[in-house]
Each structure stands twice: as C-alpha cells, then as structure tokens.
Amino acid sequence: MVASNPVGRRESLPKQFANFVNSTGGLDLTLRLVHALVLIAAELNLDNATVTKCAIAASQLALARRYLRFFCFLDCFQKVQDVLAGNSTAGAMDMIMDAVESTCLGLFFVLEDLTMLHDMNIFLVSWYMPVLLEANKFWFYAICISIAKTIKELLVGSPTTVIQNGSSETDEKKRASENSPSVKTASSTLSLLNRLFVDSLDLTLPGSFLGWIPLEMLGIGMAMLMSTIFVWPTAWAKAQQ
C-alpha cells in the first residue's frame, strides 16, 4: 500500500525534480534545455575541438529526444478519431482545426520516424532529406494552426463547454464561487499569450530548417532555450500531480 502525503505538505525539491525527469514530457524538456545550451555553445567563439564536441553532443541529444517521441503519432491520430467520432463539445470550426492540427502533427511524427534508421547509421537511404523536409512542413503547418487557434481564443473566447446531464445547479454555483471571473479571465489570457509566444518561437525551428525563416544556428538555439524556459513551469506543475 502506498502512503499518501499529508494534505498541504509540499515535497522536497529533489523529489519534485525526480518526478519531473521521470515523466516523458519532463525528461524531453530537460534534454531540450541541454540541447539548446549546446547549440548556443557550438556557435560561440570557442576552440575548434570544443565546437566539434558541442556539435556531436547536439546531434546525439536530438536523436535521444526522437526516441522519446517515436510513438507520439498514435496519440495524435487518436485525437483525430475522437474529433471525427463527435466526442467533443467544441464548435465545428474548432473541431476542424483540432483535427487538422493533430493530423499534421501525426504525419510529422510518422515521417520523422521513417528516417530514424538513417540517423542511427543502420540503414542509409537516398530519400532521407526529402522525407525530412516534408516532415518539417507538417510540423510547421501544425504550429501555424495552433497559433491561429490561440489568436481565435484571444479574440472571441474559448469554445463553450456543454454541461453534462446530471450536473446540478449547486455544483455549478460552487465552481463559480471557487473561481473569481476576473482572476479566471486574467489567468486564461496570460496562459493563451504564453502559448502564443512559445508557438511563435517553436515555429522558427521547422521554418529555419525549410529555409522559410532566415535564422542562424545561434538564433535557433536561443529560440529553443526561450520556449523551453517559458513552458517549463507548466510542465513542472503537471509532473507533480
């Protein structure tokens, strides 16, 4: 039997960090932070030996992170299936955007997975670069749709959630009293702005790979570092639940 922590007692920082890195999302974000720092270090005016080591470390970290997201396409296509099955209370436009975003993201993961053996130097193929270019196009499209969804929510508000049968008026009043409308609105707006900022930074990654956004490697490392820092608190809190 697992003993539960006393109510209101916070875990120690080492324990919280262990919870974070033991989750897939937390581990990926930690590797992403190191990856960004290594990319930045590789572009600084260091000696050639150090720059070469940083470049090798960056490529290995990128490959390690791909192992963690190898099966992420399953979750993306499951979301598409849920939307098509009508398991959503969102409006028609929101459902279409959700389906297209998840489809693009799923195709990105599938195409990226096809190049894994090439990057591992196990099975080299001539179609490596064309497939990787198409994968990054789908990633770019997915982020663009995410940005469009966020802007839509900022302008017209989030989709209205339908109240399930059986939820009582008392429950609704209780939830309303626990969450002040002004505080809730401010928090929601701040969260949307944070998501918009992170997506805008992440858009530079596939955009620069495709040549659609002119950005040097140092800029890519800085964009990756900043987006990682801004998403870190949310991922940290989620890992502690």
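The values are calculated or read from the model by the stated rules, or taken from the named source; none is laboratory data. Worth saying up front: this structure is predicted, and the values here are computed from it rather than measured. Please note: Cβ atoms are built from the backbone with ideal geometry, for glycine as well, and neighbour counts cover all protein chains shown. These area figures cover heavy atoms from the full protein model, side chains too; ligands, DNA and RNA do not enter into them. Shrake-Rupley method; radii C 1.70, N 1.55, O 1.52, S 1.80 Å.
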Notebook entry, point to check: Hey, any idea what % of segment 80-126's accessible area is carbon plus sulfur with a 1.4 Å probe?
Noted result: 66 percent
Next item on the list: Quick one: compute the contact order of segment 18-77, relative version, from alpha carbon pairs under 8 angstrom and 6+ residues apart, as a percent.
Entry: 32 percent
Next item on the list: Using a 10 Å cut-off on Cβ atoms, rank the peptides 45-51, 206-212 from the highest mean neighbour count down.
Entry: 206-212, 45-51
Next item on the list: Quick one: compute the contact order of segment 71-156, relative version, from alpha carbon pairs under 8 angstrom and 6+ residues apart, as a percent.
Entry: 32 percent
Margin query: With every protein chain kept in place and ligands, DNA and RNA left out, what is the accessible area per residue of segment 71-156? Probe 1.4 Å, answer in Å².
Written below: 56 Å²
Check: Under a straight-distance cross-link criterion of Cα-Cα below 16 Å, which aspartates and glutamates are reachable from LYS238, leaving out those fewer than 8 residues away in the same chain?
Finding: GLU11, ASP28
Notebook entry, point to check: Using the Cα gyration tensor of segment 71-156, with a ≥ b ≥ c the square roots of its eigenvalues, what is the shape: rounded (a/c below 1.5), prolate (a/b larger than b/c) or oblate (neither)?
Noted result: prolate
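Using 28 Å as the Cα-Cα cut-off, could you pick out the over-long pairs in LYS79/LYS137; LYS79/LYS152; LYS53/LYS79; LYS15/LYS149; LYS15/LYS152?
LYS53/LYS79; LYS15/LYS149; LYS15/LYS152
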Notebook entry, point to check: Which order, highest average first, do 105-113, 91-99, 185-193, 197-205 follow once you tally other Cβ atoms within 10 Å for each residue and take the mean per peptide?
Noted result: 105-113, 197-205, 91-99, 185-193
